[in-house]
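Encoded as structure tokens, the structure appears first; notes follow it.
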Amino acid sequence: MRANCSSSSACPANSSEEELPVGPEVHGNLELVFTVVSAVMMALLMFSLGCSVEFRKLWSHIRRPWGIAVGLLCQFGLMPLTAYLLAISFSLKPAQAVAVLVMGCCPGGTISNIFTFWVDGDMDLSITMTTCSTVAALGMMPLCLYLYTLSWNLEQNLTIPYQNIGITLVCLTIPVAFGVYVNYRWPKQSKIILKIGAIVGGVLLLVVAVAGVVLAKGSWNSDITLLTISFIFPLIGHVTGFLLALLTHQSWQRCRTISLETGAQNIQMCVTMLQLSFTAKQLVQMLSFPLAYGLFQLLDGFLIVAAYKMYKRRLKNEHRKKNTRCEEGCHNKKSTSPKETGAFLEVNEEVTITSGPSMPMDLHTTLEPTGHISSGT
């Protein structure tokens, strides 16, 4: 496919018409790494993460799909628009611009599910969003690519990897269904599977990332502009997804979930689509972007998880210190009867556990010291 553009100012190739240097031939095992290994990893991860899903909560998201709607708007509204604006702003060459746009139009990846688990997000919403965005990609990917490439006048249409999308759906739905069943029948065992799956999933993510870099070393180039876009693109997705969820009055737990779902894209689907649409010579110019995007979204995810864990630990320490001071003060107040103290703790427990739609529950609310709960909220 030749990505020739017209003289329109909207085409990112106008300022750079020279040919990119052709690097070494792409390693033959690259496709194997991003298909077989990714499929196995996805199935194992989704089974273990499915053990955290309760059918009742999953059905509630389907009946009232406000969170899903916001997630789909981020996935197929914000991300393709961001990709298009980045391609125009950095005046990318045709092949590189198409690679960035394809990445923006891909559905969410399973990496978001494990990161959502690590930040105490809404796992039911995360898995539902990943499944729904993959189903929606059957129609939204060609639609978004058609709309955003109208001004570029591409001579040939991009090939949508429908078979890859179908494989992704199978690897999502079947393992999750087994995980939900295990959680329903054996809840205690499912917690053990969930913990083991989270650890193994993190190791598998690192292994696939390292294997992808090693086997695709011939596709890397020294284009700083493309590496810069691959670094800022997932960050923009995380931030804009969080802000849109916040503006639509989603809970803090859902905001974290939608943020991670927005910035994490399906790298395998992007690579497959590029391989189906371009020649091996053109792939040398393009494959460095999805690979770099995958590495940077891994790095961003680990940084978000680390920041959340530090924030959570700090709040727990503050809560422990304030509870200690409160207990020391309560011993000095003989006027407080045991009955009143028990009633006070019971109210606190109710406020901590219960959260309505108008006041979403967040970690900060859960760890808020008891003295603030009785204020006028």
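Points to keep in mind about this one:
- Of everything in region 66-93 that is outside any helix (DSSP H, G or I) and at pLDDT 85 or above, the residue that is surrounded by the most Cβ atoms within 10 Å (Cβ to Cβ) is Leu92.
- Test for Phe117: is it closer than 23 Å to Gly301 by Cβ, open to solvent by 20 Å² or more (accessible area, probe 1.4 Å) and either touching a helix residue (DSSP H, G or I) at 6+ places or on another chain (Cβ under 8 Å) or assigned to a helix (DSSP H, G or I) (or both): yes
- Residues of region 248-285 classified as of a type outside the set (D, E, K, R), closer than 25 Å to Ile304 by Cα and under 19 Å from the mean Cα position of the chain (by Cα), total: 19
- First in region 271-282 and within 13 Å of Leu101 (Cβ to Cβ), second anywhere and open to solvent by less than 40 Å² (accessible area, probe 1.4 Å) and of a type in the set (Val, Ile, Thr), Cβ under 7 Å, 6 or more apart: Met273/Val102; Met273/Ile160; Leu274/Val102
- In region 107-137, the residues that are touching a Phe, Trp or Tyr at 6+ places or on another chain (Cβ under 7 Å) and either aromatic (Phe, Trp, Tyr) or modelled with pLDDT of 90 or more (or both): Val119, Ala136
- Qualifying positions in region 162-182 - open to solvent by 20 Å² or more (accessible area, probe 1.4 Å) and under 16 Å from Met141 (Cβ atoms): Tyr162, Gln163, Gly166, Ile167, Leu169
- Taking the listed residues Ser190, Ser219, the one that is at pLDDT 75 or above, more than 23 Å from the chain's Cα centre (by Cα), among the small types (Gly, Ala, Ser) and crowded, with 19+ Cβ neighbours inside 10 Å is Ser190, with no other qualifying.
- Flag for Ala343 being assigned to a helix (DSSP H, G or I) and at pLDDT 80 or above: no
- Annotation note: Cβ proximity below 8 Å between a residue of region 50-71 that is within 21 Å of Gly109 (Cβ to Cβ) and among the small types (Gly, Ala, Ser) and a residue that is open to solvent by less than 60 Å² (accessible area, probe 1.4 Å) and part of a loop (DSSP other than H, G, I, E, B) (sequence gap 6+ or interchain) occurs for Gly67/Asp122; Gly67/Gln250.
- Test result for Leu204, in contact with a helix residue (DSSP H, G or I) (Cβ under 6 Å, 6 or more places away or on another chain) and either in a helix (DSSP H, G or I) or modelled with pLDDT of 85 or more (or both): yes
- One residue stands out among those in region 45-65 that are part of a loop (DSSP other than H, G, I, E, B) and not hydroxyl-bearing (Ser, Thr, Tyr): the one that is most open to solvent (accessible area, probe 1.4 Å), which is Arg64.
The values are calculated or read from the model by the stated rules, or taken from the named source; none is laboratory data. Please read these numbers as outputs of a predicted model, since none were measured by experiment. Backbone-built Cβ (ideal geometry, glycine too); neighbour counts: all protein chains shown. All accessible areas refer to the heavy atoms of the entire protein, side chains included, with ligands and DNA or RNA removed. Shrake-Rupley method; radii C 1.70, N 1.55, O 1.52, S 1.80 Å.
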